[in-house]
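What follows is a single structure, written as structure tokens, with notes after it.
The values are calculated or read from the model by the stated rules, or taken from the named source; none is laboratory data. Everything quoted here is computed from the prediction, not taken from an experiment. Glycine gets a Cβ as well: all are built from the backbone with ideal geometry, and neighbour counts include every protein chain shown. The protein model used for the area step is the full one, side chains on, heavy atoms only, and it has no ligands, DNA or RNA in it. Shrake-Rupley method; radii C 1.70, N 1.55, O 1.52, S 1.80 Å.
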Amino acid sequence: MAGRWIEQWEPEDETFWRERGERIARRNLWFSVLSEHIGFSIWTLWSVMVLFMGPEYGVDPAGKFFLISTATLVGAVVRVPYTFAVARFGGRNWTVFSAFTLVVPTVAAYVVMEPGTSYTTFVVVAALTGIGGGNFASSMTNINAFFPLREKGWALGLNAGGGNVGVPVVQLAGLLVIGTAGAAHPRIVLGAYIPLILVAALCAAYFMDNLAPVRNDTGAARDAVRDPHTWIMSVLYIGTFGSFIGYSFAFGLVLQTQFGRTPLEAASLTFAGPLLGSLIRPVGGRLADRYGGARVTLANFAAMAVATGVVVYASGIESLTVFLVGFTALFVLTGLGNGSTYKMIPGIFHARAIALGLRGERAAAHGRRLSGAAMGLIGAVGALGGLGINLALRQSFQASGTGTAAFWAFLVLYGACSVLTWAVYLRRPATAPVKPRLSHAEVG
């Protein structure tokens, strides 16, 4: 695909942005959201498919947790090459290609989703759906290049939030099918997504653009890997997005396994948390634009620790009502934290450029270059946090029949993320562990 290439792009120039840039950037944003939305739905497809897998499938709860863990792992790994594909092939071109490839895992699941299929086959097909997780990394890297620093929190939050909504949407589709046709008809969900995938790919082809200034730069990837802030932010993103995607995959299965809910009952409760977490993600970005990403992130992790304490308590007393309250709060907070942490990334690398003596558009271009490369790595590591959550829950249920031990581990994680956020980005003494130290304004 030769595609459409924009040769000059200077979003920090207010005249350029007002007269031409904003209109183009917003058009690309909306169709990026559409493609990423479908990608998330396919990535989390097996969080729904396992609800259709009754006793006749011969797969126990541990086996189901392994299926969703496989999809999570592949989705995390492919985020790295997907990030750099934007610069190599162009944002529009890669969006078209990555959207079309979603047909493969969807058709494969349609073919094998029936009793009697071997467990190995299910694992392979679940792995294929992981490519949907890569769409997030390429989409965020692409949209990051389109917007000026002052609007990145909102734009990245909206892009990611619209994509994240793909999780509750596919879960609602599963609920609709289970509630009307019954749990014996998973192929209805799969068949409905095939035309939607084609629509997303065609819209990207007709309405999106490639940015020539973002052409392949292997040095950006190397510099991002070497920068300690990439890995610090990766840890924080494990706490926010890793929690969101891990809980989204596992929530319905936890309800079935720990609280004995039927597939219909689990599906009717599963979608609400991911939906709220997705919708509120742009709010997290907007709050970070206004108050500073580090401040919002720190407060958010503290609140996540409290919500996890509620979940631990509910798990101990076996109260579904209290459990749902705590878990719903966790979903909302993961969404807010997703928005605020991703806002921090471009601000951090812009500040690094200024520390190097760059100013104006040179500093902005340097920050876009490194933050775009870092986002893929941070997104990949963050998604691996979802794998960790699923594996922790699987181990906890295998050992004790409940998720309580895993929830205690998650509470410790959020406490550690709070300390890390404060120590690196908010502590006032000049002895902060990473140099050059960044001001509140620079990280927010």
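When only C-alpha pairs under 8 Å and at least 6 residues apart count, what is the relative contact order of the chain, in percent? Present the calculation step by step, with values, prior to reporting the outcome.
Details: 856 pairs, mean separation 109.0, N = 444.
Relative CO of the chain lands at 25 percent.
Check which residues have an amide H placed less than 5 Å from Arg261's amide H, if you skip close sequence neighbours.
Gln256
Below 10 angstrom from the Cβ of Ala250, what's the summed charge of the other residues (Lys, Arg +1; Asp, Glu -1)?
On the way: positive: Lys64, Arg394; negative: none.
My count for the surroundings of Ala250 gives +2.
Taking all protein chains in place and a 1.4 Å probe, what share, in percent, of the accessible surface of segment 31-91 do carbon and sulfur account for?
Values: 1180 of 1630 Å².
Answer for segment 31-91 is 73 percent, counting heavy atoms of protein chains only.
Subtracting the Cα-Cα distance from 0.36 nm times the residue separation, let me have the gained length for Arg20 to Ala184 in nm, one decimal.
Numbers: separation 164, 0.36 × 164 = 59.04 nm, distance 5.19 nm.
Gain on stretching Arg20 to Ala184: 53.8 nm.
For Ile6, what residues show an amide H to amide H distance below 5 Å, using hydrogens built from the backbone and excluding near sequence neighbours?
Asn210, Leu211, Ala212
Please turn the phi angles of segment 165-174 into ³J(HN,Hα) values with the Karplus equation 6.51 cos²θ - 1.76 cosθ + 1.60 (θ = phi - 60°), one per residue in order, whole Hz, x for glycine and proline.
4, x, 5, x, 5, 5, 5, 5, 4, x
Explain nothing, just compute: Karplus ³J(HN,Hα) = 6.51 cos²θ - 1.76 cosθ + 1.60, θ = phi - 60°, for every residue of segment 404-419 in order, whole Hz, x for Gly and Pro.
4, 4, 5, 5, 4, 5, 5, 4, 4, 4, 5, x, 5, 5, 4, 4
I'd like to check one number: the per residue accessible area of the chain, probe 1.4 Å, reported in Å² as a whole number. Could you put the intermediate results ahead of the total?
Numbers: 15800 Å² over 444 residues.
With the other protein chains kept in place, the chain gives 36 Å² per residue.
Let me have the 222 nm mean residue ellipticity of the chain computed from DSSP H runs of 4+ only, each contributing -39500 (n - 2.57), with the sum over all residues rounded to the nearest 500.
Values: 22 runs with 340 residues, N = 444.
Computed mean residue ellipticity for the chain: -25000 deg cm²/dmol.
Ignoring any ligand, DNA or RNA, what whole percent of the accessible area of segment 129-215 comes from carbon and sulfur when the probe is 1.4 angstrom? List each step's numbers first, then the result.
Values: 1860 of 2470 Å².
C and S fraction of accessible area: 75 percent.
From the Cα trace of the chain, what convex hull volume per residue do you get, rounded to a whole Å³?
Working: hull volume 54.7 nm³, N = 444.
So the per-residue Cα hull volume is 123 Å³.
Working from the pairwise distances between different alpha carbons, so that the mean of 1/r is found and then inverted, what is segment 113-219's Kirkwood radius in Å? List each step's numbers first, then the result.
On the way: mean 1/r = 0.0590 Å⁻¹.
After inverting the mean inverse Cα-Cα distance, the result is 16.9 Å.
Find the relative contact order for segment 293-362 and round it to a whole percent, using C-alpha pairs within less than 8 Å whose residues are 6+ positions apart. Numbers along the way, then the final one.
On the way: 41 pairs, mean separation 27.8, N = 70.
Value for segment 293-362: 40 percent.
Specify the residue with the greatest mean-square fluctuation among Gly285, Gly239, Gly316, computed from a Gaussian network of the chain linking alpha-carbon atoms under 10 Å apart.
Looking only at Gly285, Gly239, Gly316, the largest GNM fluctuation is found for Gly316.
Using amide H atoms built 1.01 Å from N in the peptide plane, name the residues 5+ places from Val78, or on other chains, whose amide H lies under 5 Å from its own.
Here nothing satisfies the definition.
What are the ³J(HN,Hα) values, in whole Hz, obtained from phi via the Karplus relation 6.51 cos²θ - 1.76 cosθ + 1.60 with θ = phi - 60°, for each residue of segment 251-258 in sequence order, with x given for Gly and Pro?
The phi angles translate into 4, x, 5, 4, 4, 5, 7, 8 Hz.
Any idea what Rg and Dmax come out to for segment 95-166 if you just take the C-alpha atoms, in Å?
16.3, 55
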